[in-house]
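*Asks:* Below is one structure. I have some questions about it.
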Amino acid sequence: MKRKLWIWQCLLLVAIFAFWHVATHPELVPPFVWDNPDRAAFFFGEPVKIFKAIYVWFVGGEIYPHLWVTLQETALAFVIGSALGLGIGLWLGLTPFASALLDPYIKAANAMPRVVLAPIFMVWFGLGIWSKVALGVTLVFFIVFFNVYQGVKEVSPVVLNNATMLGATRRQLLRFVYLPSATSWVFSSLHTSVGMAFVGAVVGEYLGSAKGVGYLIHMAEGSFDINTVFAGILVLTVFALVLDFAVSFAERRLLVWRPTQGETQPL
Amino acid sequence: MTVSVSLEKITCTFAAKGGGSYTAVKDVDLSVADGEFVSVVGPTGCGKSTLLNVAAGLLKPSSGVTRIFGETLAGVNRRAGYMFQSEALMPWRSALANVTAGLEFRGEDWTAARAKGEDWLARVGLAGFGDRYPHQLSGGMRKRVSLAQMLILDPQILLMDEPFSALDVQTRSLMENELLELWSADRKSVIFITHDLEEAISLSDRVVVLSAGPATHPIGEYAIDLPRPRDVSEIRLTPAFIALHDKIWHAMKSEVLKGYQQTRNRTSA
Ligand SMILES: Nc1ncnc2c1ncn2[C@@H]1O[C@H](COP(=O)(O)OP(=O)(O)OP(=O)(O)O)[C@@H](O)[C@H]1O
Ligand SMILES: [Mg+2]
């Protein structure tokens, strides 16, 4: 069943591209919407040309530095955002006064659309990777922060009491109970936060930079090169999928202690 | 005779939902001699866990004093080990890491702690299960990990809240015998909570019966003068045991019914 599903999924993908190809090719179907037969290709690109552009990127090696920059920005935004979210989430989770004091500010900061900060970060950090990292951090931070904050409040009181009876000091409770428990909450938001780091990186590149896949898309758009725009989008999509796989892999390795359903092995 | 734990006029009042308050235990006096094994039985919801939390220093009573070896208890009772009624293992730690947690908190050397932990796992019948996580163990196995986790620190006072109620009858008598053996080796003071009167009698030197809540207080104390060493499954068949059981059960029965009725009324109200 599983293998069959996989085949069907591939067939669907091929069908989508085939439809795309036929519908945008000037000679294959009579134009029913546009007066000019090249119009469809102008708006939606042509799969053959898109794949050619991707092929040239990868074989010519032109894409690698851009991918590398995007990957770096994503990774840095994720690591810095998670660390800040974890630290501040733990702190506020454990000090009710501070969390009560800062509550409206955190809500306001989270409600604000963070993308508008991109120009400010560019002024502060320049056009290099750090302005994109900063944008990604603002996106990742809140996801991790809210998860950790909630996680700290939901640490089982019995587990805490037990650790206390086993002689844990307050510091040790933080390190051996709150931190592992909060870390598991960071991991439960891993997919979303890695995705957000990626969004921050690409949007930042798109809004102003000299490197990265977002920059490639922006440049192509400037010259109405719709095929290259789509090529960039496809590359980004595959890149995001690969990241997601990597996250799933890391998750499986790091959360072995988590109870999961249906763990028995079929004979 | 030194007194290890002494609860004096302990009263615990909780704020009830929707205003008002609920006095779970009232004016409870309970003292345990050094090396004595005391069981506390009482109807469900009467305040047994509450009293144990007070003795552990985890719950500050509304009024009353707790003395541990004559000293007034303020904060956590560092001389006691506590086996909780509900799940208390750290789910992100393997069984072995859970057992050695207390040693780690003390800053003991890791290799020595590990060896000790393996030894204790073997003593509770879990050799080879050290790298399992709590969710990979059965309920009874988790209880045994908790037992090892407590005993590895060699506390002078053992506070045990229905420790064996999750075990099947056979494992249960094995563990009870094991506990008795460990206890008789270096007489610790034990407060053992159970809802099983047979278990209470077969293990203890003294059985304390609590009334039904609210305002729970001891309504009877029974010295258990059965000879030691005991085998828990054999001693249940002796006439002396049966006589004691009848006597205590007779005193308890009305309280158990009352407690059940009150819990029902509280939930339906
Ligand atoms: N933190 C709390 N807030 C409010 N009420 C509480 C609290 N802790 C306990 N109680 C109440 O105090 C009473 C005694 O609770 P406790 O857990 O000590 O019962 P127990 O004798 O251990 O029962 P069981 O045998 O079922 O474990 C119960 O009626 C419970 O509802
Ligand atoms: Mg209880």
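*Asks:* From (1) among the hydrophobic types (A, V, I, L, M, F, W, C); (2) more than 16 Å from ligand 1 (Cβ to nearest atom); (3) without any contact (Cβ under 8 Å) to a residue 40 or more places away in the chain, pick out the condition that doesn't hold for B:Leu58.
*Replies:* Evaluating B:Leu58 over (1) among the hydrophobic types (A, V, I, L, M, F, W, C); (2) more than 16 Å from ligand 1 (Cβ to nearest atom); (3) without any contact (Cβ under 8 Å) to a residue 40 or more places away in the chain leaves (2) as the failure.
*Asks:* Related question: Name the helices (runs of 4 or more DSSP H) wholly inside region A:55-126 in which the number of residues that are closer than 26 Å to A:Trp185 by Cα is 2 or more.
*Replies:* Working: elements: A:63-94, A:96-111, A:118-125.
Hits in region A:55-126: A:63-94, A:96-111.
*Asks:* Which ones in region B:197-216 are open to solvent by 40 Å² or more (accessible area, probe 1.4 Å) and either at pLDDT below 85 or within 13 Å of ligand 1 (Cβ to nearest atom) (or both)?
*Replies:* B:Pro214, the sole residue that qualifies.
*Asks:* Right, another one. Among the residues of region A:102-119, is there at least one that is in contact with a Phe, Trp or Tyr (Cβ under 7 Å, 6 or more places away or on another chain), surrounded by 14 or more Cβ atoms within 10 Å (Cβ to Cβ) and either within 30 Å of A:Val229 (Cα to Cα) or not acidic (Asp, Glu) (or both)?
*Replies:* Within region A:102-119, one or more residues are in contact with a Phe, Trp or Tyr (Cβ under 7 Å, 6 or more places away or on another chain), surrounded by 14 or more Cβ atoms within 10 Å (Cβ to Cβ) and either within 30 Å of A:Val229 (Cα to Cα) or not acidic (Asp, Glu) (or both).
*Asks:* Identify, please: which residue in region B:35-49 is polar (S, T, N, Q) and at pLDDT 90 or above and is, among those, farthest from ligand 2 (Cβ to nearest atom)?
*Replies:* Here the residue is B:Ser39.
*Asks:* How do the pairs read when you match residues in region A:165-183 that are more than 10 Å from chain B (Cβ to nearest Cβ) with residues anywhere that are assigned to a loop (DSSP other than H, G, I, E, B), using Cβ under 7 Å and keeping only pairs 6 or more apart or on different chains?
*Replies:* So the pair list comes out as A:Tyr178/A:Val155.
*Asks:* Another one. Answer with yes or no whether B:Glu162 is within 16 Å of ligand 2 (Cβ to nearest atom), farther than 25 Å from B:Thr11 by Cα, in contact (Cβ under 8 Å) with a residue 40 or more places away in the chain and open to solvent by less than 60 Å² (accessible area, probe 1.4 Å). Break it down stepwise before answering.
*Replies:* Values: within 16 Å of ligand 2 (Cβ to nearest atom): yes; farther than 25 Å from B:Thr11 by Cα: no; in contact (Cβ under 8 Å) with a residue 40 or more places away in the chain: yes; open to solvent by less than 60 Å² (accessible area, probe 1.4 Å): yes.
Considered against the rule, which asks whether it is within 16 Å of ligand 2 (Cβ to nearest atom), farther than 25 Å from B:Thr11 by Cα, in contact (Cβ under 8 Å) with a residue 40 or more places away in the chain and open to solvent by less than 60 Å² (accessible area, probe 1.4 Å), B:Glu162 comes out as no.
*Asks:* Within region B:198-226, can you find the residues that are within 17 Å of B:Leu167 (Cβ to Cβ) and touching a residue at least 60 places away in the same chain (Cβ under 8 Å)?
*Replies:* B:Glu199, B:Ala200, B:Leu203
*Asks:* Report those helices (runs of 4 or more DSSP H) wholly inside region B:86-202 carrying at least 1 residues which are more than 14 Å from chain A (Cβ to nearest Cβ) and closer than 30 Å to A:Ser181 by Cα.
*Replies:* Where helices (runs of 4 or more DSSP H) fall fully within region B:86-202 and carry at least 1 residues being more than 14 Å from chain A (Cβ to nearest Cβ) and closer than 30 Å to A:Ser181 by Cα, they are B:110-123, B:139-151.
*Asks:* Within region B:252-261, does at least one residue satisfy the condition of being modelled with pLDDT of 90 or more and either within 14 Å of chain A (Cβ to nearest Cβ) or more than 16 Å from ligand 2 (Cβ to nearest atom) (or both)?
*Replies:* Scanning region B:252-261 turns up no residue that is modelled with pLDDT of 90 or more and either within 14 Å of chain A (Cβ to nearest Cβ) or more than 16 Å from ligand 2 (Cβ to nearest atom) (or both).
*Asks:* Now, a different point. For region B:236-256, how many residues are touching a residue at least 24 places away in the same chain (Cβ under 8 Å) and open to solvent by 70 Å² or more (accessible area, probe 1.4 Å)?
*Replies:* So the first thing to find is which residues in region B:236-256 are touching a residue at least 24 places away in the same chain (Cβ under 8 Å), and the list is B:236, B:241, B:244-245, B:247-249, B:251-252, B:255-256.
With the extra rule that they be open to solvent by 70 Å² or more (accessible area, probe 1.4 Å), the set shrinks to B:247, B:249.
The number of residues fulfilling the criteria is 2.
*Asks:* Can you tell me which of (1) within 16 Å of the chain's Cα centre (by Cα); (2) free of Cβ contacts under 8 Å to residues at least 24 places away in the same chain is the one A:Ala240 doesn't meet?
*Replies:* With (1) within 16 Å of the chain's Cα centre (by Cα); (2) free of Cβ contacts under 8 Å to residues at least 24 places away in the same chain applied to A:Ala240, the lone miss is (2).
The values are calculated or read from the model by the stated rules, or taken from the named source; none is laboratory data. Computed from a predicted model, the values in this text were never measured in an experiment. Please note: Cβ atoms are built from the backbone with ideal geometry, for glycine as well, and neighbour counts cover all protein chains shown. With ligands, DNA and RNA removed, areas are computed over all heavy atoms of the protein, side chains included. Shrake-Rupley method; radii C 1.70, N 1.55, O 1.52, S 1.80 Å.
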